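To start, the structure itself, in structure tokens.
The values are calculated or read from the model by the stated rules, or taken from the named source; none is laboratory data. Keep in mind that this is a model prediction, so the values were computed, not measured. Positions of Cβ are generated from backbone atoms using ideal geometry, with glycine treated the same way; all protein chains shown enter the neighbour counts.
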Amino acid sequence: MLSSPLLVALPLLIGGGPTTPDETVGAAAFAGRYQPVQAKRQAVTVGKAIDKSLANRNLLVRWRAGDILRQNNQIASEITISTQAGKMLIMTPLRKAWWTDLNGKPRSIITPRGTKATLSRSYESPRLIERFVSERGKRTHHISLSQDGQLMLWQVTVESKELAQPIRYTLKYRRR
């Protein structure tokens, strides 16, 4: 794992990384590997959220857009979060992994579907916030941990001018 007390403290000692020690320590609490809790049940919840956002569209649009949205909102079989020197990496089997500065400016990326977007991550105690922004819309993850750090809540909001209302759902992951 790329997260150790020395690696977390190093940017503070040399003057780089996040602006405060609390941000570095707080973000480091998320480092680890996580697996979904009741993935099949959560997939039903995601499907209902997608259907709700498309409810006022015609049948053909609901069918086609729903298919694309379900592909873009799959539940990752594993999430690994690493921190190092004021940077963060979130890896899933569903997408490429990108290192970003914590609380830094957004970086340009290409999504798995070939769309140009920006990605930023920030620690806003007690949550980690991950934002993907493209010309078609915005996807935001509000990530929080249970008191004991064993359960991670991954709140997802997908917004687009093409959706009647945002897609909102929460996924649960257990630390391995």
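Please determine, by comparing only the residues of segment 20-35 that are modelled with pLDDT of 90 or more and assigned to a helix (DSSP H, G or I), which one is farthest from the chain's Cα centre (by Cα). For segment 20-35, the residue satisfying everything is 28.
Cβ-Cβ contacts under 6 Å between residues 6 or more apart (or on different chains), taken from a first residue in segment 109-125 that is farther than 18 Å from residue 92 by Cα and of a type in the set (Val, Ile, Thr) to a second residue that is in a strand (DSSP E or B) and modelled with pLDDT under 95, are absent.
Scanning segment 140-173 for residues that are more than 15 Å from the chain's Cα centre (by Cα) and surrounded by fewer than 15 Cβ atoms within 10 Å (Cβ to Cβ) gives 146, 147, 148, 149, 150, 161, 162, 164, 165. The single residue among 104, 137, 86 that is on the phi > 0 side of the Ramachandran plot, surrounded by 14 or more Cβ atoms within 10 Å (Cβ to Cβ) and without any contact (Cβ under 8 Å) to a residue 40 or more places away in the chain turns out to be 137.
Being without any contact (Cβ under 8 Å) to a residue 12 or more places away in the chain and either aliphatic (A, V, I, L, M) or on the phi > 0 side of the Ramachandran plot (or both) holds for only one residue in 54, 60, 69, and it is 60.
Considering segment 66-83, and only residues there that are buried (at least 16 other Cβ atoms within 10 Å of the Cβ) and of a type outside the set (S, T, N, Q), the residue that is nearest to residue 27 (Cα to Cα) turns out to be 81. Counting only strands (runs of 3 or more DSSP E) that sit wholly inside segment 57-176, those with at least 3 residues that are within 24 Å of residue 43 (Cβ to Cβ), aliphatic (A, V, I, L, M) and touching a strand residue (DSSP E or B) at 6+ places or on another chain (Cβ under 6 Å) are 151-159.
I'd like the residue in segment 36-56 that is over 18 Å from the mean Cα position of the chain (by Cα) and outside any helix (DSSP H, G or I) and, out of all such residues, is nearest to residue 140 (Cα to Cα). Among those residues, the one meeting the criterion is 54.
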